[in-house]
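The values are calculated or read from the model by the stated rules, or taken from the named source; none is laboratory data. Keep in mind that what you see is a predicted model, and the values were worked out from it rather than measured. Cβ atoms come from the backbone with ideal geometry, glycine included; neighbour counts cover every protein chain shown.
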Amino acid sequence: MTEPVTVACPPRIGEQAPDFEVETTHGILRLEDFRGSWLVLFSHPADFTPVCASELMAFAGIADALRGLHCELLGLSVDSIFSHIAWLRALEETFGVAIDFPLVADTAGDMARSYGMLMPAESRTEPSRVTFVIDDRQIVRASMAYPMTTGRNVGEILRLVQALMTTDAHGVATPAGWKPGEAVLAPPPRTQAMAAEWAKAGGAACADWYYWKKETP
């Protein structure tokens, strides 16, 4: 009889990110090492596989843009540190892409379990493609999960980080598909008087009493 796999509930938006101390391709790293900067933490199923290779190279393509926002990248799989090193060397030799962010060698799967990255119906041992955006206070701000067969859109992850930072900096919300430089949305009115004031203002910026577009400050 197959033993059940113990799966932790993934941390939810607004919760403290689970602590970790792990071996990586950049040495031992802890969650605390990232305090004061944002962090995109992502898992991939296995080294030397095609979808994972495409993703790692795509993440390398946005690494500098994220660092410009004071946001770091941290990848994870249950492969060994030697497998990681060999794979990164192979990616650079074959595709000319240098991966300069760390990969966690989570061989026991402890970190993958603590972040709810294991999906037993898909694989009992390899993590799915899970991404967390963790802010500079080490609070989980967003998460998403993809199946093993489907590579992520890393441009959306960069856009998500930019949107979250804009929300924090200016107290606004961002509409669907928002990109930096585009109009943002003011928080909806909380009183009848304010709703009446917005409705009276009208114009192109205020389509209705609850929907007010404004330029990014």
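So the values come out like this:
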read-out	value
Positions within segment 60-74 being surrounded by fewer than 14 Cβ atoms within 10 Å (Cβ to Cβ) and free of Cβ contacts under 8 Å to residues at least 12 places away in the same chain, in sequence order	Asp64, Gly68
Any hit, segment 199-208, residues being of a type in the set (A, V, I, L, M, F, W, C), at pLDDT below 95, assigned to a helix (DSSP H, G or I) and not assigned by TED's automatic domain parsing to the domain that holds Leu69	yes
Residue within segment 52-59 that is among the hydrophobic types (A, V, I, L, M, F, W, C), surrounded by fewer than 19 Cβ atoms within 10 Å (Cβ to Cβ) and over 17 Å from Val130 (Cβ atoms) present	yes
Residues (in a strand (DSSP E or B) and under 18 Å from Pro127 (Cα atoms)) located in segment 22-55	Val22, Glu23, Thr24, Val40, Leu41, Phe42, Ser43
Qualifying residue in segment 145-152 (condition: crowded, with 21+ Cβ neighbours inside 10 Å, of a type in the set (Gly, Ala, Ser) and either in contact (Cβ under 8 Å) with a residue 24 or more places away in the chain or in the same structural domain as Phe34 (by TED's automatic domain parsing) (or both))	no
Residues (without any contact (Cβ under 8 Å) to a residue 12 or more places away in the chain and under 25 Å from the mean Cα position of the chain (by Cα)) located in segment 176-217	Ala176, Gly177
